[in-house]
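Enquirer: Quick one: the structure is below, and I'll ask about it shortly.
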Amino acid sequence: MRAILAALCVAAAAVTAACGDMKQDFYTQTIPQNDGANADLPGMLIRNAFIIGPLQPAPPGTDMPMYMVLLNQSGRTDRLVSVDTGGVFREARLPTPGGLEIPAGKYVGGTPFPQVLLAGLTRPLRSGGTIPVTFRFQNAGTVRVQVPVLPPGTWRSTYSPWPGMSPFASPSPSPALSPGSSPAVSPSPSPAGS
């Protein structure tokens, strides 16, 4: 009888230890909260940055909108002053001259309207991959992130393109803007040897 009781105690201890390991793995695993890219800078968070790409490979010259949330955790206003794709696009346009302002303690984005227009694709690109994007802020600094190019399905089909641009229109030199406005431009440097 003692042998059976001892065996049951050992089995119960093993089961309890295994459950403890499962809880530990469950609580320590990283679960992404969105489909986009995330980055942390001093006082600034980039959350859910993504590009909506077409289902078929987009030809060179195509423009694509990029969406994200920029959360300013600092005590002073900051600006996204440039975006660079390492030559994948000719340029990145911000919605206002001088950059995209992010007030202290507030956020910008998280809506179905893009925060950046990536203009002039330099090579064919399809949904499903990522491209390197460097974000430069006036105060928070610079960070490079691999931003996913997501297909225009499900909820993303309700997102708006850049003002004056129809989704996945044929390549054009630049989109139309609302009267009296002009975008800030940050050219993407050409890859070495191009």
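Enquirer: Just to be sure before I move on: is THR158 more than 15 Å from the chain's Cα centre (by Cα), modelled with pLDDT under 90 and among the β-branched types (Val, Ile, Thr) in the structure I sent?
Expert: yes
Enquirer: Within region 36-61, work out how many residues are of a type in the set (S, T, N, Q) and surrounded by 14 or more Cβ atoms within 10 Å (Cβ to Cβ).
Expert: Qualifying residue count, region 36-61: 2.
Enquirer: A follow-up question, please. Residues that are farther than 28 Å from GLY109 by Cβ and modelled with pLDDT of 95 or more: list the strands (runs of 3 or more DSSP E) wholly contained in region 9-73 that include at least 3 such residues.
Expert: Where strands (runs of 3 or more DSSP E) fall fully within region 9-73, none carries at least 3 residues being farther than 28 Å from GLY109 by Cβ and modelled with pLDDT of 95 or more.
Enquirer: Under the condition of being within 14 Å of ARG47 (Cα to Cα) and aromatic (Phe, Trp, Tyr), which residue from region 98-150 is modelled with the highest pLDDT?
Expert: So, considering only residues that are within 14 Å of ARG47 (Cα to Cα) and aromatic (Phe, Trp, Tyr), the one modelled with the highest pLDDT is PHE135.
The values are calculated or read from the model by the stated rules, or taken from the named source; none is laboratory data. On a predicted model such as this, the values are computed, not experimentally measured, just so you know. With ideal geometry, Cβ positions are generated from the backbone for all residues, glycine too; neighbour counts draw on all protein chains shown.
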